[in-house]
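Below is one structure, written out as structure tokens; the observations come after it.
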Amino acid sequence: MTRQQWNTVSRATAVLVLLGAAAAALASEQGPSFDCGGVEAGSIEALVCTDDGLAALDRTLAEVFAAASAKAIDEHPPVLRAEQRGWIKGRDECWKSDDVRGCVDDAYRLRIAELQARYRLVAAIGPVTYQCGGQPANEVVVTFFETEPPTAIVERGDSSSLMYRQPAASGARYQGRNESFWEHHGEATLTWGFDGPELHCTVVEAGG
């Protein structure tokens, strides 16, 4: 082989190496945050690995989880990682859904919004204090977060509820596990606990 031929081969090899590295980097950017090499065929993880939209949501969740972990370093008891493991198990139950992809997509979006709100990773409005039932001692404190979907953390006494905004004909309606909060022009309707009564609330103090 002549020197010229050797140089040609060397340049071609270098190009192939660079192309391979670029392809690997692109795959890393397009794939999820976890290694798809050993995932089980037909699993929810396999679906995430083959769906660009879900893979992007997984990367976003990984970034949000890292930011939340940095804020939760002194959290006692340390619940974030345990909750994340529980969330993964819940996400993987989406195989039972009639719309598997939609279920997984919703799971990611709600978890991302939850962490962003709970650990104050996005802009917020509030806290806003409401008095309910005409009783000065019956107050709730609400902070609204600019997540997607929008969220609110409603605090009442020693308990709190993370709520997600729901479609409404007017105002802003938020729904938690067993609680709801519907706000419109400084007035709100609050339901607290399963089958709890509706309370009429008005703003008494707005923070920023």
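So how strong a dipole does the range 124-206 carry about its Cα centre when Lys and Arg Cβ are +1 and Asp and Glu Cβ are -1, to the nearest 20 debye? List each step's numbers first, then the result.
Numbers: 4 positive and 11 negative charges, 30 e Å.
Magnitude of the dipole: close to 140 debye.
A crude spin-label estimate for the pair Arg85 and Asn178, with each label 7 Å from Cα along the Cβ direction, gives 2.6 nm.
Using Cβ point charges alone (K and R +1, D and E -1), the dipole size of the range 37-118 about the Cα centre works out to roughly 260 debye. Positive end of the dipole of the range 72-152 (Cβ unit charges, origin at the Cα centre): among Ser97, Gly134, Thr151, the Cα lying farthest that way belongs to Ser97. Between beta-carbons, use under 13 Å as the cut-off and find the net charge around Gln131, counting Lys and Arg +1, Asp and Glu -1. That works out to -2.
Using a Förster radius of 22 Å, what is the FRET efficiency between Ala67 and Ile125 based on their Cβ-Cβ separation? Nearest 0.05, please. The value I calculate is 0.60. Taking other C-beta atoms within 10 angstrom as a stand-in for reagent exposure, Asp92, Asp52 fall in the order Asp52, Asp92, fewest first. Taking a sphere under 15 Å around the Cβ of Cys103 and counting the other residues whose Cβ falls inside, with K and R at +1 and D and E at -1, yields a net charge of -3.
In order along the range 163-180, the Karplus-derived 3J(HN,Hα) couplings, from 6.51 cos²θ - 1.76 cosθ + 1.60 at θ = phi - 60°, round to 10, 10, 5, 10, x, 8, 5, 8, x, 10, 10, 10, 10, x, 5, 10, 10, 9 Hz, and Gly and Pro are given as x. Summing charges over neighbours of Gln175, with a neighbour being any other residue whose Cβ is under 13 Å away from its Cβ, gives +1 when K and R count +1 and D and E count -1. Counting every other Cβ atom within 10 Å of each residue's Cβ, Phe144, Phe34, Phe65, Phe194 order from fewest to most as Phe194, Phe34, Phe65, Phe144.
For a protection proxy built on the mean count of beta-carbon atoms within 10 angstrom, sort 74-82, 196-204, 38-46 highest first, please. Before the final figure, lay out each step's value.
Numbers: 74-82: 10.2, 196-204: 14.2, 38-46: 12.6.
Ranked from most to least packed, the peptides come out as 196-204, 38-46, 74-82.
Every number in this text was worked out from the coordinates using simple rules, so none of it is lab data. This one's a predicted model, so the numbers in the text were calculated from it and none came from an experiment. Virtual Cβ from ideal backbone geometry, glycine too; neighbours counted across all protein chains shown.
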